[in-house]
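Trainee: Sharing a structure with you now.
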Amino acid sequence: MMLGKADIAIVQHVRTAVVDLSTPALGLVTGAFDAAETGAERLGDLAAVLDENAALKTEINAMREWRRRAINLGVENAELRNLLNLRPDPTLGFVSGRVVADRGGSFVRSVVVDVGDQHGVGEDQAVLSPEGFIGRTVEVGRWSSRILLATDLNSRIPVQIQPRGWRGVMAGDNSERPKLLYLAEIAKFEPGDQVVTSGHGGVFPPGLPVGVVEPTPDPEAPPRIRLFDDHGRLTFVRIVQFGEAKPLDGAPGPRVAERGSPAPE
Amino acid sequence: MRETFEQRVDRWGRAMTPMVIAALLVLLATARDPDLGVSAVAPNMALICVYFWSAQRPEAMSPAAAFALGLFQDLLTGFAPGVNAMTLLLAHVLVAGQLRFLLSQSFLVAWCAFAIFAIGAEALRGGLFWFFADRPPDLAEAGLRVAVTTALHPFFAWALGKLDGRLYRDEA
């Protein structure tokens, strides 16, 4: 324990090597668990297949409409940026990984995924579940990475409360609801206001969905955040590569007008 | 008579098997659990193995082996290195010290003794974490882990006993 405190780098290297070597075995075990889980799910799904089919068709139609709107907005955004001569924000690339280990319990809130620097993962990259932000990479090996969850007491994430933009730091404390610290004294917000990453410091991209502000019974206590992903069951995650601009999947590249030429139709 | 190479490999393999089994069980307990609605709390497989082998086959679970197993568990789960290592080392020392008592008792008494060890191990782990992280552990989850570990102990003790019988059959 003393060695771990005295020289973090050595401990991290050793830990990363041990996790790297263990990841294939963990992947096999997790695969077996996933197969059992899939079998159980299929038995349950058989009973509800017709209703679910109808609901999914409705959802697909709605998503097609949203996709069309997103593409139009993307084109309009590019045109407006060009007009303002703005330097484009770096857009996001993703590396998807499967969670193979997550048993720190209430002591350590971290998970291990089966992607590492061979797959393009780096340290201090934001990690998302389908619901939203869940943590960041802290140790990256060749084939595995450890993700420190936002609820861990060592986690500190710069965030912003929408819509007014008040900035603060989301601090985990090993509970299910991280605290919101270092808000300005004049900050005004309501329970239910959305919290996103602020991008302060340039480590994480801004605008990643994190959660919503929860009311606290004690007005002197710092407010807490209910994370969008708070059910604790992570299967697949996406690690955000914050840097080079990459086009969105399935979306045509925006048509950018030259300065002084007519705007595209 | 000098030991042949095959005899040496055989002896080495038998000596390593308990540690390998224990490490695999720790891996199993660390893997992501299936979302089948069962408890998300994993049993302390390392403690079950250290308790069994320290009592049944002390030469197969030395203090260094117990420490190494705990360190492996620390590195895999993200604990500060040494928390589980110290816990398992202490468990091994206490079991070794009470060996005569434990081996002379019925299974039910040995099981109750294991429950006490499980409570002590969880308390030590939580206390060390509290000391270094300045945050108390979740008592409900700790209690659940002790209960799950104690409940599963008879099954794994039976399985490890069968394995022990096969490994060391020639010595009987």
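Trainee: Based only on other Cβ atoms within 10 Å, what is the fewest-to-most ordering of A:170, A:63? Let's see the in-between values first.
Mentor: Values: A:170 25, A:63 11.
In increasing order of surrounding Cβ atoms, one gets A:63, A:170.
Trainee: In debye, nearest 20, what is the charge dipole magnitude of the protein assembly as shown about its Cα centre with +1 on Lys and Arg Cβ and -1 on Asp and Glu Cβ, if you could check?
Mentor: Numbers: 42 positive and 49 negative charges, 120 e Å.
Once rounded to the nearest 20, the dipole reads 580 debye.
Trainee: While we're on this one: Determine the dipole magnitude for the stretch A:18-70: charges of +1 sit on the beta-carbon of Lys and Arg, -1 on that of Asp and Glu, nothing else is charged, the reference point is the Cα centre, and the result goes in debye to the nearest 20.
Mentor: Numbers: 6 positive and 9 negative charges, 93 e Å.
Dipole about the Cα centre, nearest 20: 440 debye.
Trainee: May I ask which residue of B:4, B:130, B:17 lies farthest towards the positive end of the charge dipole of the stretch B:4-148, with charges of +1 (Lys, Arg) and -1 (Asp, Glu) on Cβ and the Cα centre as origin?
Mentor: Checked the options; the winner is B:4.
Trainee: If you count, for every residue in B:76-89, the Cβ atoms of partner chains within 10 Å of its Cβ, what is the mean? Mind showing how you got there, number by number?
Mentor: Details: counts 12, 12, 18, 8, 7, 9, 6, 4, 1, 1, 1, 0, 0, 0.
Counting other chains' Cβ atoms within 10 Å and averaging over B:76-89 gives 6.
Trainee: Order these peptides, A:46-56, B:67-77, by their mean beta-carbon neighbour count within 10 angstrom, highest first. Please report the intermediate quantities before stating the final value.
Mentor: Values: A:46-56: 9.4, B:67-77: 23.6.
Going by the mean number of other Cβ atoms within 10 Å, highest first, we get B:67-77, A:46-56.
Trainee: For residue B:100 and residue B:132, what is the calculated FRET efficiency with R₀ set at 41 Å and r taken between the beta-carbons, to the nearest 0.05? Show your work: numbers first, answer last.
Mentor: Numbers: r = 36 Å, r/R0 = 0.87.
Step by step, r from the Cβ atoms, then E = 0.70.
Trainee: If you don't mind, another one. Calculate the spin-label point distance for residue A:37 paired with residue A:14, positioning each point 7 Å from the Cα along the beta-carbon direction, and give it in nanometres.
Mentor: A separation of 3.2 nm, rounded to one decimal place.
Trainee: Right, here's the next one. At 7 Å along the Cα-to-beta-carbon direction for both residue A:62 and residue B:168, put a label point, then send me their distance in nm to one decimal.
Mentor: 6.4 nm
Trainee: Could I have the simple spin-label model distance between residue A:184 and residue B:112, label points 7 Å from Cα toward Cβ, reported in nm to one decimal?
Mentor: Label-label distance for residue A:184 and residue B:112, simple model: 6.5 nm.
Trainee: Give the order of B:51, B:168 when sorted by the count of other beta carbons within 10 angstrom, beginning with the fewest. Could you put the intermediate results ahead of the total?
Mentor: Numbers: B:51 30, B:168 15.
The fewest-first ordering by Cβ neighbours comes to B:168, B:51.
Trainee: Which FRET efficiency value, to the nearest 0.05, do you get for residue A:77 and residue B:152 by plugging their Cβ-Cβ distance into 1/(1 + (r/R0)^6) with R0 = 51 Å? Display every interim value, and only then the final one.
Mentor: Numbers: r = 56 Å, r/R0 = 1.10.
About 0.35, to the nearest 0.05.
Trainee: Quick one: putting +1 on the C-beta of Lys and Arg, -1 on the C-beta of Asp and Glu, what dipole do you get for chain B around its Cα centre, in Debye to the nearest 20? Mind showing how you got there, number by number?
Mentor: On the way: 13 positive and 14 negative charges, 72 e Å.
Rounded to the nearest 20 debye, it is 340 debye.
Every number here is computed from the coordinates shown, using simple stated rules; none is lab data. Values in this document were obtained by computation on a predicted structure and should not be read as measured data. Don't worry about glycine lacking a Cβ; one is built from the backbone with ideal geometry, like all the others, and counts go over all protein chains shown.
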